[in-house]
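The structure under discussion appears below in the form of structure tokens.
The values are calculated or read from the model by the stated rules, or taken from the named source; none is laboratory data. The structure displayed is predicted, hence computed values, not measured ones. Neighbour counts run over all protein chains shown; Cβ positions are idealised from the backbone, glycine included. What goes into the accessible areas is simple: the full protein's heavy atoms, side chains included, and nothing from ligands, DNA or RNA. Shrake-Rupley method; radii C 1.70, N 1.55, O 1.52, S 1.80 Å.
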Amino acid sequence: MKNLKILIIGGGIGGLTSAIALRRGGHDVTVIEKDPEWSVYGVGIIQQANVIRAMAELDLVDDYMAAGVPFNKVAIHAPDGTMVAEVPMPRLVEGYPASMGIGRPALHKILGDRTIASGADVRLGVTASNIDDRGDCVSVSFSDGDEGVFDIVIGADGVYSDTRAVIMPEDAGPEFTGQSVWRYNFSRPADLDALHVYNGPIGAGLVPINEDLMYLYLTTPEPDNPRYEKDCLAENMCEKMRSHSAQAIREMADDITDNEGVVYRPLEGMMLRGDWHSGRVVLLGDAVHATTPHLGQGAGLAIEDSIVLADELGKHDTLEAAFKAFRDRRFERCRYIVDKSLEICRGQLGKGPPVDNAEATADMFKLVAQPI
Ligand SMILES: Cc1cc2nc3c(=O)[nH]c(=O)nc-3n(C[C@H](O)[C@H](O)[C@H](O)COP(=O)(O)OP(=O)(O)OC[C@H]3O[C@@H](n4cnc5c(N)ncnc54)[C@H](O)[C@@H]3O)c2cc1C
């Protein structure tokens, strides 16, 4: 199918990479994003070889490399801080590294700039107040009073997707795991040239994101899902870090001073196991498969979804066939990442058998190295 008129709901990683891929396919694309500031929080993200391959496919890889830090291995540490394994990461694109750390704002800028340059119409501070699938088109009313008629609507509106709630009202949505994550940016030691993962009941990781910065993540059991007040976040994160079993992590606690810089998030997971579309409305990214971050693949999956959906739309004569083929190509990889990440999480919480992180990471690399 060619020259489709497409509405994308959500201007995050999945929505923007979809816009870029679909504009390359010649479609007419509108993106609506509910956040009028179009902002993202300031820590970073790990992106592995499959994402570098996907960025190359979208012709974004050089901008992307310039904004982040390459690395080629994961150093795995025992709870006491001893390094127990170095897992080499596979390279999938010749001449490029195996993995990247990048600040979320830097990634967002690259994707946002390219979306606008592609000719997509980006409308900020706007949501869909009504989505009416009429069979031969979708009529959408917007929160700013405007209306539009589209061939397809893509829900790329994240784990709490309003679009999912419209087309699959029976879906239960995400489930809290009992674990939360705390993140904070630190100065990057010059010799930090790998992703460092610390196992244990309180997990931790160090991720370089540019020449000067790295971020630290800390996963803590939070069985009652408490609400932490914004003006005590630094103090609470320091306290959690001081009880970490690795000295290297404990020693960083005193540098956490800015409540605004702490990003706290209860971890949730969900996987839509049935269809990913209804009629002319299709979902991708966290709206269908929100994984906990234990394998660092959530955004990678959303980016791959975008490429595959655009590809399948170009190959088929009907939307039904394209949407089915899209889900068939994506389901097993996404299911594996969501389920395995939850298994790691449950092992850390003592709710399931412990998972060998080095083995799980090596298996994940093998899986995501497969063509999409
Ligand atoms: C703690 C944590 C750490 C992570 N670390 C990594 C990592 O290291 N590597 C990795 O690959 N992945 C990681 N992820 C996962 C990654 O962040 C997500 O998988 C990715 O952001 C999903 O992209 P998305 O576009 O589907 O959703 P989102 O990024 O959530 O984007 C959704 C967008 O839709 C907008 N929106 C929502 N509702 C509406 C609406 N009704 N109308 C209009 N707009 C709307 C939102 O404002 C947002 O801009 C992590 C996730 C968490 C929670």
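So, how do all the Cα-to-Cα distances of the stretch 176-267 break down into 10 Å bins, in percent, from 0 on up?
Bin by bin from 0 Å, the calculated values are 17, 52, 28, 3.
Is there a quick way to get the dipole size of the chain? I mean about its Cα centre, with the Cβ of Lys and Arg at +1 and of Asp and Glu at -1; what is the value in debye to the nearest 20? Each step should come with its number before you reach the end.
Numbers: 35 positive and 56 negative charges, 148 e Å.
The calculation lands at about 700 debye.
In this model, which of Lys240/Lys351; Lys5/Lys315; Lys324/Lys351; Lys73/Lys324; Lys34/Lys340 are farther than 26 Å apart at the alpha-carbon? Can you show the working numbers first?
Details: Lys240/Lys351 20 Å; Lys5/Lys315 17 Å; Lys324/Lys351 35 Å; Lys73/Lys324 36 Å; Lys34/Lys340 31 Å.
Pairs exceeding the cut-off: Lys324/Lys351; Lys73/Lys324; Lys34/Lys340.
Connecting C-alpha atoms closer than 10 Å in a GNM of the chain, tell me which of Gly350, Gly314, Gly15 has the biggest fluctuation.
Highest fluctuation of the listed residues: Gly350.
Pick from Leu233, Leu22, Leu284: which is most flexible by mean-square fluctuation in a GNM of the chain where alpha carbon atoms under 10 Å apart are linked?
Residue with maximal mean-square fluctuation among Leu233, Leu22, Leu284: Leu233.
List, in order, the whole-Hz ³J(HN,Hα) value for each residue of the stretch 240-257 obtained from phi through the Karplus relation with A = 6.51, B = -1.76, C = 1.60 and θ = phi - 60°; use x for Gly and Pro.
These are the phi-based 3J(HN,Hα) values: 5, 5, 5, 8, 5, 7, 9, 4, 4, 7, 4, 5, 8, 4, 5, 7, 8, 10 Hz.
What figure in square angstrom, to the nearest 10, would you give for the accessible area of Leu367 with a 1.4 Å probe?
About 50 Å², ignoring ligands and nucleic acids.
What size of dipole, in debye to the nearest 20, comes out for the stretch 176-267 about its Cα centre when the only charges are +1 on Lys and Arg C-beta atoms and -1 on Asp and Glu C-beta atoms? All intermediate terms of the calculation are to be shown ahead of the outcome.
Values: 8 positive and 15 negative charges, 74 e Å.
I would put it at about 360 debye.
Which value, in Å², gives the accessible area per residue of the stretch 105-181 when a 1.4 Å probe is used on the protein heavy atoms?
Working: 3530 Å² over 77 residues.
On a per-residue basis, the stretch 105-181 sits at 46 Å².
Top to bottom by accessible area (1.4 Å), largest first, where do Asp286, Asp328 land? Could you put the intermediate results ahead of the total?
Numbers: Asp286 55, Asp328 115 Å².
Largest accessible area first, the residues go Asp328, Asp286.
Please report the spacing between the Cα centers of the stretch 205-230 and the stretch 350-371 in Å, no decimals.
Cα centres, the stretch 205-230 to the stretch 350-371: 21 Å.
Give me, ordered by chain and number, the residues 5 or more places off Val74 or on other chains with an amide H under 5 Å from its own placed amide H.
Excluding prolines and chain starts, which carry no amide H, the hits are Val87, Met89.
Rank Gly296, Leu16, Ile202 by how far each Cα sits towards the positive end of the charge dipole of the chain (+1 on Lys, Arg Cβ; -1 on Asp, Glu Cβ) and give me just the farthest.
Gly296
Tabulate in residue order the Karplus-calculated ³J(HN,Hα) for the stretch 290-301, using 6.51 cos²θ - 1.76 cosθ + 1.60 with θ = phi - 60°, rounded to whole Hz; enter x for Gly and Pro.
Residue by residue, the stretch 290-301 yields 8, 9, 5, x, 5, 10, x, 10, x, 5, x, 5 Hz.
Along the stretch 93-110, what does the Karplus equation 6.51 cos²θ - 1.76 cosθ + 1.60 (θ = phi - 60°) give for ³J(HN,Hα), rounded to whole Hz, x for Gly and Pro?
10, 4, x, 10, x, 7, 8, 9, x, 8, x, 4, x, 5, 5, 4, 5, 4
Name the residue from Met237, Pro189, Asn225 whose Cα lies farthest towards the positive end of the charge dipole of the stretch 176-267, charges +1 on Cβ of Lys and Arg and -1 on Cβ of Asp and Glu.
Of the options given, the answer is Asn225.
Take the Cα radius of gyration of the chain and divide it by 2.2 N^0.38 Å, with N its residue count; two decimals is plenty. Walk me through the intermediate numbers first.
Numbers: Rg = 20.4 Å, N = 372, 2.2 N^0.38 = 20.9 Å.
Rg over 2.2 N^0.38 Å, computed on Cα atoms: 0.98.
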